[in-house]
Amino acid sequence: MIDRKELRVNAAAMEQALSKRGEKAVNASSAWGVALSLDEKQRLLKTEAESLQAERNRVSKIIGQKKATGEDASAELHSMGDVGKRAKVLDAEAKEAEAAFAMTLLEIPNIPHASVPEGKDENDNEEIRVWGNPRHDEVPAHWDIGESLGIIDFDAGTKLAGSRFSVLRGAGARLERALIQFMLDKHADVNGYDEVWVPAIANRKTMTGTGQLPKFEEDLYALTGEDAFLIPTAEVPVTNLYQDMILDASQLPIKHCAYTACFRREAGSAGRDTRGIIRQHQFDKVELVQLVQPENALTALDELLSHAVSILESLNLPYRLVNLCAGDLGFSAEKTFDLEVWLPSQNTYREISSCSSFGQFQGRRAGIRVRDDQGKPQAVATINGSGLAVGRTMVAILENYWQKDGSVKIPEALQSYMGGMTAITPKVTA
RNA sequence: GGAGAGAUGGCUGAGUGGCUGAAAGCGCACCCCUGCUAAGGGUGUAUAGGUUUAACCCUAUCGAGGGUUCGAAUCCCUCUCUCUCCGCCA
């Protein structure tokens, strides 16, 4: 959520910065476009309502005093007439206007940071570096590797739940678990994160705190009979751990890592990545979350990014680092780096981690604050990123570690997590 | 699932219609006192919004939402959550 005071005091500069996301972010029908007038209206009504309330309170106080001393208060009582009623009506109007304004505010995307490159879509993203030695020989797609090794069962997933679900078997299931464990250990023991385990269901308020709601409800799985949803990322519960709290400066930075399953309806991606496990309705992810002082946001983003990178490098997976342009930036992010892993079967890099700074955007929405030097509360900055998406990491391992004999080597760093296994080989059918 | 009790500031905890944004204690901050320490004394200590150069001031908030009333932390209704007992259960 953008700062409502900024909106009023600095509208022109804000609009300029916001327009980096594209004209549609600031045109007349955009949330931004209507916010200014709604704010004006809201404040006007509020001022009016408050002055009537003040009058009501003043006279009521006198009545109370007179009654206490046994004086006659009928003049005051009479003069009040329907003031109380009118005050309530005005207050209701003011509240309605405030709610409309607040709702609009919630639909305005974050303002891109000045360091975010200009651009319309993913084609304008800025490649920062590439790492590793991508292989360019013929490699089967991970779904073929997975099926021939008998470790990914797509039919079973479809039967049980529908399209975009799968079942992992044997070494595949073990590899999923090994990856989770490996990533968590690294982040908790080496990178300095406090591990947390959180619910996979979040209520509406929590979903609003991190920005999934109100705008993206159709991307979420909603529970029947409850105002709650399956989480699309651990970012939601982990960040909201501090919802409506005023933190002491000495508590920062707060760094958490968490493993959760993630659930996404993929409403807007029909037809994309329909084969394989790149885009599933349910997937595992180890997430990194930091809460920091606003002035430290970008430094923290660099640090968190290096932690995600450390997983890729210790698995020796070739990747490239991309700085997202303004047009490709997510709703809540002020700046995002994507890590893309090399997939030889597709001869391209595919996103495996997205590391973002949200500035104070989520802090304002979720009511997470920290006291500044003067002791005044201000919204914290939040940073998060995947470290990493587990399913996609498995895809990358299957393809990058695939051997001509059809087997897949286990990366050295994972072998101890796989009970000493050094390769997954096709099952010998009797 | 059944029965009952409860939700007040950073914490504990008073408060059943009026001067209570809220007693008291604890904690915290600053000051005083005191060879040091300990003990003691004093002052201050919620959040958001509006107005303002600032102070003052005004409004809202005692789990959430609605209602009664000139006036609600206090009365009524609905919801959420917590606790206790019983039942069930991985």
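The values are calculated or read from the model by the stated rules, or taken from the named source; none is laboratory data. Everything numeric here is computed off the predicted structure, so don't read it as measured data. Neighbour counts run over all protein chains shown; Cβ positions are idealised from the backbone, glycine included. Please note that ligands, DNA and RNA were not included when accessible areas were found on the heavy atoms of the full protein model with its side chains. Shrake-Rupley method; radii C 1.70, N 1.55, O 1.52, S 1.80 Å.
Among what's in segment A:53-71 and is closer than 18 Å to residue A:82 by Cα and aliphatic (A, V, I, L, M), pick the residue that is farthest from RNA strand B (Cβ to nearest atom).
So, considering only residues that are closer than 18 Å to residue A:82 by Cα and aliphatic (A, V, I, L, M), the one farthest from RNA strand B (Cβ to nearest atom) is A:62.
Is it true that residue A:40 is under 29 Å from residue A:378 (Cα atoms), within 12 Å of RNA strand B (Cβ to nearest atom) and not small (Gly, Ala, Ser)?
Working: under 29 Å from residue A:378 (Cα atoms): yes; within 12 Å of RNA strand B (Cβ to nearest atom): yes; not small (Gly, Ala, Ser): yes.
Yes; evaluated as a whole, the condition is true for this residue.
Do the conditions hold for residue A:339, that is, is it touching a Ser or Thr at 6+ places or on another chain (Cβ under 9 Å) and either among the acidic types (Asp, Glu) or within 20 Å of residue A:272 (Cα to Cα) (or both)?
In short, yes.
Check every one of the strands (runs of 3 or more DSSP E) wholly within segment A:291-392 and list those with 2 or more residues that are within 16 Å of RNA strand B (Cβ to nearest atom) and over 19 Å from residue A:258 (Cβ atoms). Outline the logic, then answer.
Details: elements: A:319-323, A:335-343, A:348-357, A:368-371, A:377-379, A:381-389.
Answer list for segment A:291-392: A:368-371, A:377-379.
Only one of (1) surrounded by fewer than 16 Cβ atoms within 10 Å (Cβ to Cβ); (2) in a helix (DSSP H, G or I); (3) in contact with a Lys or Arg (Cβ under 8 Å, 6 or more places away or on another chain) fails for residue A:129. Which number is that?
In the conditions (1) surrounded by fewer than 16 Cβ atoms within 10 Å (Cβ to Cβ); (2) in a helix (DSSP H, G or I); (3) in contact with a Lys or Arg (Cβ under 8 Å, 6 or more places away or on another chain), residue A:129 misses (2) alone.
Yes or no, residue by residue, for (1) surrounded by 14 or more Cβ atoms within 10 Å (Cβ to Cβ); (2) of a type outside the set (D, E, K, R); (3) assigned to a helix (DSSP H, G or I):
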| position | (1), (2), (3) |
| --- | --- |
| A:57 | no, yes, yes |
| A:61 | no, no, yes |
| A:64 | no, yes, yes |
| A:68 | no, yes, yes |
| A:72 | no, no, no |
| A:96 | no, no, yes |
| A:99 | no, yes, yes |
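Listed here are the residues, each with its yes/no results for (1) open to solvent by 70 Å² or more (accessible area, probe 1.4 Å); (2) more than 22 Å from residue A:24 (Cβ to Cβ); (3) in a helix (DSSP H, G or I).
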position	(1), (2), (3)
A:79	yes, yes, yes
A:109	no, no, no
A:118	yes, no, no
A:158	yes, yes, yes
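Checking residue A:41 against (1) surrounded by 12 or more Cβ atoms within 10 Å (Cβ to Cβ); (2) basic (Lys, Arg); (3) free of Cβ contacts under 8 Å to residues at least 40 places away in the same chain, which test does it fail?
(3)
Could you list, in sequence order, the residues of segment A:236-273 that are on the phi > 0 side of the Ramachandran plot and within 16 Å of RNA strand B (Cβ to nearest atom)?
A:244 - this is the single residue of segment A:236-273 that is on the phi > 0 side of the Ramachandran plot and within 16 Å of RNA strand B (Cβ to nearest atom).
Which pairs turn up if I take residues in segment A:46-63 that are in contact (Cβ under 8 Å) with a residue 12 or more places away in the chain and polar (S, T, N, Q) and look for partners that are open to solvent by less than 70 Å² (accessible area, probe 1.4 Å) and more than 6 Å from RNA strand B (Cβ to nearest atom) with beta carbon separation below 6 Å, at least 6 apart in sequence or on another chain?
A:53/A:87
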